[in-house]
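Here is the structure we will look at, set down as structure tokens.
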Amino acid sequence: MSTVLTTPLRWFVSPWRMLTGWLSRAPIDDPVDRRNAPMLQILLLLLAFTPPLMWLYRIFGSDSPWRPGETVSLVTSIVISAFALFNLWLVRRGRFQSAVRLLMVVLAIAMLLAYLGSGFVTNRYEQPIQAVWLIVAGLVIGRRALWLMYGWMVLTFAAGSVVDFRAGNNADTAMVLAVDCIIAALIFLFIAILVDRTVTALRESLLAATRRGDELVQVNRHLQAEISERERMQEQLIHSQKVEAVGHLASGVAHDFNHLLGLVLGYAARGKRADTDEEVQKALAGVESAARRATAVAQKLLSFSRKEVTRAETFDVGAALREMRTMLCQLFDPKVEIVLDLPERPATIHFDRAQFELMIINLAVNAEHAMPEGGCFRIAVTQVHDTPAVAIDLHDTGHGMSENVRARIFEPFFTTKPSGQGTGLGLAVTRDLIFSAGGSIEVDSVPGAGTTFRIRLPAPAIADLELTV
């Protein structure tokens, strides 16, 4: 049953698609004219073939006697049909406006000649097609062309009525002709008003939509500029936080360098006292080893503080924290115990490595300030069960925070440190970095009982999916 229904439908739809596709491929540059081109081409095809078919019916299918004026109308219709084909050729060549305006002029002249030749009554059957061209003038050319065409039609109707009156030369005929002419003029007036109002409304809507589109483009550009500026400021903020973190590490780095320089001086003194080449080589090897350790510390600081573009990568949180242990030891007072509770299996995340280190240091700095008398700083990493996420808990045994302070710690520039000892941006930057990666951060603190920051970061599969989307 479905095959019987769909096959005839396919026979109809396929040629129609081919026709509409052919009509839409006219090489016209203006977008509005390009939208109007299919409709105009259909009207030109109708004008080219419908009047000849109607006249064939009039000649061979009608029993009415042939009027003298109908010969002029027949010739005029054939000329207009031929001219419609010529205008169709112009449209297919991309000369849309030229074709429309030329067609309107020729139709207006042909209409006047037809009414002058055969009168008003004989051309009454042509008025539906004439109404179509009134509509085309308004839709395709514009409001001025619409009312010029209407005025020309009224003049043509009057001329045809005069021709019919002279042929009849009767007062009653004159009254009937006048009434018919006025009725036709009023009908075309209603059509002109409807087209005028419709076209005006459409053009106003189009103008408003265009204006709105331009406004949206401007707003979009402004938003893009704001986003770019915000990203630039965030990069600067992150860089400044790195520099501030390096400042916190300075005393520990100086201690390590003093220790390494002491080793260098000790090995140098041993080399001076050496009596054999073997002892000198051992002393030089010690100097080289200490220098390599000093170079590694300096290179780590330079890499951390360097201003670079964000580069997310997949890495093991446990391995990253093990590499940071020396840096954390330099940050805290020797009285603070540092405990890393790391899983045996890798706990991978998709994050910028330098930003991850900055995040840990920012939280460690707050913990260091909370434990001036010493204590314990513990970092625990776990894989969240039934969830593709990694949990990182950072706990200190410091003095804790009140509820009011805890509610504001992530606000930019909020700090409880004395003037000159903090910018109040470390935790705000940390929160933004975590949120940008699709993670979350919570804080639990009780005065006198320490503080715990709970971080959840997505596993690589979730991060890669978000980046792909």
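Between the stretch 112-137 and the stretch 168-228, the C-alpha centres lie 22 angstrom from each other. Structural descriptor for the stretch 9-169: relative contact order 23 percent, calculated from alpha carbon pairs under 8 angstrom and at least 6 residues apart.
Annotation: amide H of GLY450 within the under-5 Å range of GLY398, GLY400, sequence separation 5 or more or interchain, hydrogens built in the peptide plane.
Shape annotation for the stretch 34-144: C-alpha extents along the principal axes are 45, 27, 17 Å, from largest to smallest. Using only the C-alpha atoms, the convex hull of the stretch 341-409 corresponds to 125 Å³ per residue.
Throughout, read-outs are computed from the coordinates displayed, never taken from laboratory work. Not measured: the values here are computed from a predicted model.
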